[in-house]
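Colleague: Dumping the structure here so I can ask a few things about it.
The values are calculated or read from the model by the stated rules, or taken from the named source; none is laboratory data. Fair warning: this is a prediction, and the values are worked out from it, not measured in the lab. Here the Cβ positions follow ideal geometry from the backbone for every residue, glycine too, while neighbour counts run over all protein chains shown.
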Amino acid sequence: MKLHFEPDLDFQREAIEAVCHLFRGQEVCRTEFTIATHASASST
């Protein structure tokens, strides 16, 4: 599925602005984490 946005459509601009508004004022939280692969449960 592809999403295509036309920047000159008011309803799309309002939707994008609404989503951006959800995150305004939030602090940036930087974390360090590791992603590891799990060994297979069965070894054949």
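Colleague: For segment 1-27, what are the residues that are within 18 Å of the chain's Cα centre (by Cα), part of a loop (DSSP other than H, G, I, E, B) and modelled with pLDDT of 80 or more?
Modeller: Matches in segment 1-27: 1, 2, 3, 4, 24, 25, 26, 27.
Colleague: Would you pick out the residues in segment 6-30 that are hydrophobic (A, V, I, L, M, F, W, C) and exposed (fewer than 10 other Cβ atoms within 10 Å of the Cβ)?
Modeller: Answer for segment 6-30, where residues must be hydrophobic (A, V, I, L, M, F, W, C) and exposed (fewer than 10 other Cβ atoms within 10 Å of the Cβ): 11, 18, 19, 20, 22, 23, 28, 29.
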